[in-house]
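The block underneath contains the structure these notes are about, expressed in structure tokens.
Here, each number is a calculation from the coordinates, and none is a lab measurement. What you see is a predicted model, and the numbers here were worked out from it, not measured in a lab. Don't worry about glycine lacking a Cβ; one is built from the backbone with ideal geometry, like all the others, and counts go over all protein chains shown.
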Amino acid sequence: MPAASSVSPPVLARLVCEEWPAHGFAGFEGRQDVQVELQVRDGLEPGVHEGGTRWVWTTHITLKPLPDGSVDFAGPAVSGKRGERFFYLSWSSRTLHGRDRFRRAKIQLSELTPAQLSGLLKRGGTITARISALARDGGPACATVPLLGGGWIMS
């Protein structure tokens, strides 16, 4: 990694959750008004609906080069400890008493390549991660989810 200032140029992370099932999630038919939101320090942020099967969130992040050559991440939606940073998408449904959160999908920042990190430290830009809304069991995606399209995309 190049030696860079302690603050990176502006970086946006764009998180895309697609393949939302038109007829609901298998095994979750009893849940009403299933939603997915981005977990941030102060709560949850709704996404922007882009068509019938796609939700999108955009959040600012900061990259900080470390003396050992690695990069750390910060931002209102960045979770986890140094070396294991990620984003959470949190699933919930409507209940009589409000909303019940029942699953979370983890999108790992460690999947950014060294070349992508170097470019972001030099120029900033936008990184995009795409995930499927569906887990293997037909329910909402949860745990650490694989990225669609071969990983993070930089623009």
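Looking at the chain, I'd like the Rg to Rh ratio, where Rg is from alpha-carbon atoms and Rh is Kirkwood's inverse mean 1/r. Provide the component values of the computation, followed by the final result.
Values: Rg = 16.4 Å, Rh = 16.3 Å.
Here the Rg-to-Rh quotient is 1.01.
Hey, what angle do you get for helix 114-123 against the long axis of the chain, alpha-carbon based, 0 to 90 degrees rounded to 10?
So the inclination is approximately 70 degrees.
How much mean residue ellipticity at 222 nm does the chain get from its helices, if each DSSP H run of length 4 or more adds -39500 (n - 2.57) and you divide by all residues, to the nearest 500 deg cm²/dmol?
Details: 1 runs with 10 residues, N = 155.
That calculation yields -2000 deg cm²/dmol at 222 nm.
Mind sorting LYS106, LYS81, LYS122 by how few other Cβ atoms lie within 10 Å of their own Cβ, fewest first? Could you put the intermediate results ahead of the total?
On the way: LYS106 18, LYS81 7, LYS122 12.
Taking fewest neighbouring Cβ atoms as first place, the list is LYS81, LYS122, LYS106.
Using Cα springs under 10 Å in a Gaussian network model of the chain, which residue among HIS49, HIS97, HIS23 shows the largest mean-square fluctuation?
HIS97
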